[in-house]
Amino acid sequence: MSCLFRLRRDAAMPARELRGFFTLAGAVCLGFALTACDQGPPSNAASAASAPEVATAVAPETTIVEKDPLALPTGDLDDETIANYLHAAMDYEKPDQFSKGFNDAPLVGRHFNIDIPYQKYSTGDERGPTYSYDADKELLTLTVAVDSAHREADEYTTQYLTFFQDIRRGEPKLESNAFNVTKEVTPLAIHIFGVGALSDTYIGLFSNEDFSSKSEHYYRPLTKTVKLKPDAAKEAVRSLTIEVEGTVTKDHSGHAIECTTMYNGATVDNPFEKDWHQCVLLAKLTHITVTSAYSGVLAQWGASGRTESKKGVKKVKAVATTG
């Protein structure tokens with residue numbers, strides 16, 4: 001801008017001097033522009049070099065310690081502990097005949113407390129308490145019954161309450177019988193886990209059938225009838241559970257868990273090939289309670305052996321027998 005103002009003031013200047021003036025003015029303006037470019041903002045590299053360093057925090061490495069599934073709790077044995085031991089006993093395979101069986105000795109003598117909710121399986125088997133209702137008399141009858149497992153040689157049986165059951169279906173296959181009748185057969189691997197006793201050992205709480213003997217016990221179901229209005233009974237049976245308490249015992253070999261296997265081939269009327277695997281925690285049952293999430297305690301048998309610690313003194317919680 002200053003170059004143009006000077007041009008207007010010297011308009012009477014001779015032509016030769018005017019050309020010289022333009023040449024000089026152009027050089028001055030070009031030099032100013034180049035100087036302005038050289039004095040631009042600092043480069044990114046210079047900015048980065050002058051920026052203060054920022055320390056990045058590194059999180060310390062955490063070590064995840066896996067819980068031993070066979071670790072025993074300090075108090076009563078619970079559902080998870082017993083389930084883990086039953087699974088481990090079923091999966092255990094002796095390397096040879098000179099090796100000892102599964103180590104379940106730590107369970108012997110321990111008190112346990114487990115819950116068994118009602119459930120009906122696809123095989124038709126049931127676990128937990130069952131019921132029947134007489135709407136005319138408004139009577140709800142609750143039943144707790146034991147199941148039986150036979151050894152392949154039928155030497156003896158185990159009587160038990162089903163703790164839980166696992167059913168695995170295989171791929172269907174075609175099989176023919178001796179009469180050349182071909183049907184599609186579905187293999188079933190049925191794993192049953194229970195709590196009970198050998199047939200020559202009293203299970204506790206249950207009354208013996210008349211045909212029982214000292215060497216072979218068979219038991220009558222536990223039953224209790226309560227009077228409930230139809231709506232109340234309908235609510236009560238929606239979530240029936242039995243709470244089972246007892247003490248772990250052992251068999252003649254010193255083991256606390258008895259496992260058996262049994263095979264049932266398919267038939268024309270029943271096209272299922274059943275491979276049974278059963279493991280039962282041997283115990284003396286001392287207390288059974290039938291409860292409902294909607295109605296509370298509905299029935300109970302025996303006395304609770306649950307211990308409660310207070311100031312280092314253990315107390316036994318006594319429960320009156322009913323039913």
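Could you tell me whether Val185 is in contact with a Lys or Arg (Cβ under 7 Å, 6 or more places away or on another chain) and not hydroxyl-bearing (Ser, Thr, Tyr)? Lay out the reasoning, then the answer.
On the way: in contact with a Lys or Arg (Cβ under 7 Å, 6 or more places away or on another chain): yes; not hydroxyl-bearing (Ser, Thr, Tyr): yes.
Answer is yes for this residue.
Taking the stretch 167-181, which residues are surrounded by fewer than 12 Cβ atoms within 10 Å (Cβ to Cβ), among the hydrophobic types (A, V, I, L, M, F, W, C) and in contact (Cβ under 8 Å) with a residue 12 or more places away in the chain?
Val181
Are any residues in the stretch 157-193 more than 28 Å from Ala83 (Cα to Cα) and either part of a strand (DSSP E or B) or of a type in the set (Val, Ile, Thr) (or both), and if so, which ones? Can you show your working first?
To start, the set of residues in the stretch 157-193 that are more than 28 Å from Ala83 (Cα to Cα) comprises 172-185.
Passing the criteria: Lys173, Leu174, Glu175, Ser176, Val181, Thr182, Lys183, Glu184, Val185.
Filtering the stretch 222-245 down to residues that are surrounded by fewer than 17 Cβ atoms within 10 Å (Cβ to Cβ) and small (Gly, Ala, Ser), which residue is nearest to Ile190 (Cα to Cα)?
Ser239
What tally of residues in the stretch 95-141 results from selecting those that are among the basic types (Lys, Arg) and in a strand (DSSP E or B)?
We begin by selecting, within the stretch 95-141, every residue among the basic types (Lys, Arg); these are 100, 110, 120, 127, 137.
Now drop any that are not in a strand (DSSP E or B), which leaves 120, 127.
Count: 2.
Quickly run through the stretch 286-319 and pick out the residues that are at pLDDT 95 or above, among the β-branched types (Val, Ile, Thr) and closer than 19 Å to Leu77 by Cα.
Thr286, Ile288, Thr289
Within the stretch 182-221, restricting attention to residues that are touching a Pro at 6+ places or on another chain (Cβ under 9 Å) and crowded, with 18+ Cβ neighbours inside 10 Å, which residue is farthest from Gly254 (Cα to Cα)?
Top of the filtered list is Val185.
If I ask for residues that are closer than 17 Å to Gly128 by Cβ and not in a helix (DSSP H, G or I), which ones from the stretch 227-243 would you list?
Scanning the stretch 227-243 gives Leu240, Thr241, Ile242, Glu243.
Restricting to the stretch 83-109, what's the tally of residues that are farther than 15 Å from His191 by Cα and either buried (at least 18 other Cβ atoms within 10 Å of the Cβ) or β-branched (Val, Ile, Thr) (or both)? Outline the logic, then answer.
Step one: of the stretch 83-109, the residues farther than 15 Å from His191 by Cα are 93-109.
Within this subset, residues satisfying the condition of being either buried (at least 18 other Cβ atoms within 10 Å of the Cβ) or β-branched (Val, Ile, Thr) (or both) are 102, 104, 107-108.
Total meeting the criteria: 4.
Filter the stretch 60-94 for residues that are in a helix (DSSP H, G or I) and touching a helix residue (DSSP H, G or I) at 6+ places or on another chain (Cβ under 7 Å) and give the result.
Of all residues in the stretch 60-94, those in a helix (DSSP H, G or I) come to 79-91.
Across the stretch 60-94, the qualifying residue is only Tyr85.
Go through the stretch 246-279 and count every residue that is of a type in the set (Gly, Ala, Ser) and either in contact with a Ser or Thr (Cβ under 7 Å, 6 or more places away or on another chain) or surrounded by 18 or more Cβ atoms within 10 Å (Cβ to Cβ) (or both). First the steps, then the outcome.
Step one: list which residues in the stretch 246-279 are of a type in the set (Gly, Ala, Ser), which gives 246, 253-254, 256, 265-266.
Okay, now just the ones that are also either in contact with a Ser or Thr (Cβ under 7 Å, 6 or more places away or on another chain) or surrounded by 18 or more Cβ atoms within 10 Å (Cβ to Cβ) (or both), so 246, 256, 266.
Count: 3.
Checking Asn113 against (1) polar (S, T, N, Q); (2) surrounded by 14 or more Cβ atoms within 10 Å (Cβ to Cβ); (3) at pLDDT below 95, which single condition isn't satisfied?
Failed condition: (3).
If Tyr131 passes every condition in (1) in contact with a Pro (Cβ under 7 Å, 6 or more places away or on another chain); (2) surrounded by 15 or more Cβ atoms within 10 Å (Cβ to Cβ) but one, which one does it miss?
Result: Tyr131 passes all but (1).
If I ask for residues that are within 30 Å of Ser292 (Cα to Cα) and under 25 Å from the mean Cα position of the chain (by Cα), which ones from the stretch 240-256 would you list?
Of the stretch 240-256, the ones within 30 Å of Ser292 (Cα to Cα) are 240-249.
Leu240, Thr241, Ile242, Glu243, Val244, Glu245, Gly246, Thr247, Val248 - these are the residues of the stretch 240-256 that are within 30 Å of Ser292 (Cα to Cα) and under 25 Å from the mean Cα position of the chain (by Cα).
Among what's in the stretch 244-266 and is among the aliphatic types (A, V, I, L, M) and not in a strand (DSSP E or B), pick the residue that is modelled with the highest pLDDT. Walk me through how you get there before you give the answer.
Here is the first cut: in the stretch 244-266, the ones among the aliphatic types (A, V, I, L, M) are 244, 248, 256-257, 262, 266.
Those left that are additionally not in a strand (DSSP E or B): 256, 266.
Working: Ala256: 97, Ala266: 86.
Here the residue is Ala256.
Checking Asp125 against (1) more than 17 Å from His191 (Cβ to Cβ); (2) in contact (Cβ under 8 Å) with a residue 40 or more places away in the chain; (3) among the charged types (D, E, K, R), only one condition comes out false. Which one?
(1)
Conditions: (1) at pLDDT 95 or above; (2) assigned to a loop (DSSP other than H, G, I, E, B). Gly196 meets all but one. Number of the miss?
It is condition (2) that Gly196 fails.
The values are calculated or read from the model by the stated rules, or taken from the named source; none is laboratory data. Being a predicted model, the structure only gives us computed values, none of them experimental. Counting neighbours? That spans all protein chains shown, and the Cβs are built from the backbone with ideal geometry, glycine included.
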